[in-house]
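Undergrad: Structure in structure tokens, see below.
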Amino acid sequence: MKLTRFSDIGLRVLMYLARTPDGSSVTVAEVASQFDVPHNHLVKVVGAMAKLGWVDAVRGRNGGIRLAGNASDIRIGTVLRGLEGDSEAIDCEGIGCRLAGDCALRHALKCAVDAFYKTMDEYTLESIMNVGMGEQIIMMRRNFMLEQRMM
């Protein structure tokens, strides 16, 4: 199973926000710069995550984004289901497969996808944030802030 770039960006944004001190907000421009992601694409990802309740987003001059809850309450499986959708590994009907009605492969793939999400449900945003990664994000943020002051 391969995750979409949309989910990849979503997870990175959540990890970045999880290590933002005191739950302060950051701009979409900051996150886009940190992960070298097109601004418009990041806006779509953040918008989806705001609708799903993981990110608080405020528009305008003093706006920004921040984690909407506790990192310990956000399950990675739930995030991936929300961002990836609940589709099957292959679209049997979409390709017009003649075996779709009685295919054991389709069932096996569904079991595999279910197992993947079940495993990912065992992890929270907090549990995947090791000390080194947290420190790296803090340093990224400090460097970004220094660059902004120098401009």
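The values are calculated or read from the model by the stated rules, or taken from the named source; none is laboratory data. Given the structure is predicted, the values throughout are model-derived calculations rather than measurements. Cβ: placed from backbone, ideal geometry, glycine included. Neighbour counts: every protein chain shown. What goes into the accessible areas is simple: the full protein's heavy atoms, side chains included, and nothing from ligands, DNA or RNA. Shrake-Rupley method; radii C 1.70, N 1.55, O 1.52, S 1.80 Å.
Undergrad: For a label point 7 Å from the Cα of MET145 along Cα→C-beta, name the residues of region 1-27 whose backbone N is under 17 Å from it.
TA: 16-27
Undergrad: If each DSSP helix of 4+ residues adds -39,500 (n - 2.57) and the sum is divided by the residues in the chain, what number results at 222 nm, nearest 500 deg cm²/dmol?
TA: Here the helix-only value at 222 nm equals -17000 deg cm²/dmol.
Undergrad: Using a 1.4 Å probe, what is the accessible area per residue for region 22-151, in Å²?
TA: Per-residue value: 67 Å².
Undergrad: Further question on the same structure: Under a point spin-label approximation (7 Å from Cα along Cα-to-Cβ), what is the LYS2-ILE90 distance to one decimal in nm?
TA: That separation, rounded to one decimal, is 1.6 nm.
Undergrad: For region 101-151, what is the convex hull volume of its Cα atoms per residue in Å³?
TA: Cα-based convex hull of region 101-151, divided per residue, equals 121 Å³.
Undergrad: Round to the nearest 10 and give me the degree value, 0 to 90, for the angle of helix 5-18's Cα axis relative to the longest principal axis of the chain.
TA: Value to nearest ten degrees: 40.
Undergrad: Which Cα, out of CYS111, LEU52, LEU67, lies furthest along the positive dipole direction of region 49-114 (beta carbon charges, K/R +1, D/E -1)?
TA: The residue sitting farthest along the positive end of the dipole is LEU67.
Undergrad: Something else about it: Tell me, what ³J(HN,Hα) does each residue in region 112-128 have, in order and in whole Hz, if you take phi through Karplus 6.51 cos²θ - 1.76 cosθ + 1.60 with θ = phi - 60° and put x for Gly and Pro?
TA: Once θ is set to phi - 60°, the couplings for region 112-128 become 5, 5, 4, 5, 4, 5, 4, 5, 5, 5, 6, 10, 9, 4, 5, 5, 8 Hz.
Undergrad: Considering the alpha-carbon set of region 11-134 alone, what are its Rg and its Dmax in angstrom?
TA: 17.8, 56
Undergrad: A further question follows. What part of the accessible area of the chain, given as a whole %, is carbon or sulfur when the probe is 1.4 angstrom?
TA: Its accessible area is 53 percent carbon and sulfur atoms.
Undergrad: Place a +1 charge on the Cβ of each Lys and Arg in region 22-89 and a -1 charge on the Cβ of each Asp and Glu, then give the dipole magnitude about the Cα centre in debye, rounded to the nearest 20.
TA: The calculation lands at about 260 debye.
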